[in-house]
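Bear in mind that the values in this text are calculations on the coordinates, not laboratory data. Note that the structure is a prediction, hence the values are computed from the model and not measured. Using ideal geometry, Cβ is built from the backbone for each residue, glycine included, and neighbour counts are taken over all protein chains shown.
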Amino acid sequence: MHIGTQIVVLDEVSSTNDYVRTNVDELKDGVVVISRVQSSGRGRNTKKWVSSHEGNLYASVLIKDITWLEMPTHLPIFCAVVLRDTIIKVRGNDDNEILLKWPNDIHYKDAKLSGILIESSGKNLILGIGLNIACAPKLTDKKTASLAQIMGSKKVPLPQEIISIFIELFNKAVGAYTHNGFKHFITEWEKYCAHLNKKVCINEGLEDNTPLKGALFLGLAKDGGARLKVEGEATERVVYYGEISIGELNG
């Protein structure tokens, strides 16, 4: 499985994931779709991804052949590790400030830098990537960061340059995964996890008003799920869906 053999560049679209879903039959396996801006970008759990800023990365990858994956739950962790490696290569150094939040958000210290949205379309998977490059949107509920803010005097790359590096590293990672399995990606993800063995809050619903549960984040299960020791529950359990925030419950 290789991505990037076909690249589609758009000026504006509602979201690159929506474009891929609408045109899935005409698009090749591994196509990468990039847009200058998005009018209705989405994040995980029905959240909006602010994507009206030019110079940021808004892209989607269509994965039709999923036979190389041992199980689909590996993909979010796999992609997060590859995207983090891409950012590190662009930045030119790894000082442990680029961190991961389950399952596939990327932070600079405590500010969100990038997000990944994986959706299904029939038997296909669509991998959506949003990365703040030129600027970070101002949000009321969370801190955000951009590559331009953290690269100092270094030249800030264009979205096309970053996606080219991502394609290269993704394809190399597919080879490593098929030959050596998922264990390496678990190790790499946990190495840079922002909340490993820390108290977190988890929202297991789709709405922001879903009651939060406090938990201790123990790491990743063998299939990529989150291992949690939820307050008030006697045994550890594995969670595959939800929104984790770092820190303890208030009150």
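Between Lys172 and Thr235, the C-beta separation translates, for a Förster distance of 41 Å, into a calculated FRET efficiency of about 0.60. As a proxy for reagent exposure, ranking Thr187, Thr140 by other Cβ atoms within 10 Å from fewest up yields Thr140, Thr187. Helical runs (DSSP H, four residues minimum) scored at -39500 (n - 2.57) apiece and divided by the length of the chain put the mean residue ellipticity at 222 nm at -7500 deg cm²/dmol. Remark: Met151, Met71 ranked as Met71, Met151, counting other beta-carbon atoms within 10 Å and listing the fewest first. The amide H of Val9, built 1.01 Å from its N in the peptide plane, has Ile34 as neighbours under 5 Å, considering only residues 5 or more places off or on other chains. Annotation: extensible slack from Asp95 through His184 equals 30.0 nm (criterion: 0.36 nm per residue apart, minus Cα-Cα distance). Spatial offset of region 55-70 relative to region 220-238 amounts to 27 Å, using the alpha carbon center of each. Extension gain, Glu161-Leu218: 0.36 nm per intervening residue step, less the Cα-Cα distance, totals 16.9 nm. Once amide H atoms are built 1.01 Å from N in the peptide plane, which residues 5 or more positions from Lys112, or in another chain, come under 5 Å H to H? Those lying under 5 Å, H to H, from Lys112 are Lys143, Thr144, Ala145. Couplings 3J(HN,Hα) for region 225-238, derived from phi with the Karplus relation 6.51 cos²θ - 1.76 cosθ + 1.60 (θ = phi - 60°), are x, 8, 8, 10, 10, 7, 4, x, 10, 6, 10, 5, 9, 10 Hz, where x marks Gly and Pro. The C-alpha atoms of the chain define a longest principal axis, and helix 159-180 lies at about 60 degrees to it.
Can you tell me the orientation of helix 75-91 relative to the chain, as the angle in degrees between its alpha-carbon axis and the longest Cα principal axis, to the nearest 10? Compared with the principal axis, the helix lies near 70 degrees. Here the residues Trp68, Trp102, ranked from fewest to most Cβ neighbours within 10 Å of their Cβ, fall in the order Trp68, Trp102. Amide H to amide H, with H built 1.01 Å from N, Cys193 comes under 5 Å of Leu100, counting only residues 5 or more places away or on other chains.
In a reduced charge model with +1 at each Lys and Arg Cβ and -1 at each Asp and Glu Cβ, the chain shows a dipole moment near 440 debye about its Cα centre.
Under the rule a/c < 1.5 gives rounded, and otherwise a/b versus b/c splits prolate from oblate, where does the chain land using the Cα gyration tensor? Verdict is rounded for the chain. Ordering Pro211, Thr178, Ala136 by the projection of their Cα atoms onto the charge dipole of the chain, which places +1 on the Cβ of Lys and Arg and -1 on the Cβ of Asp and Glu, puts Ala136 at the extreme positive end.
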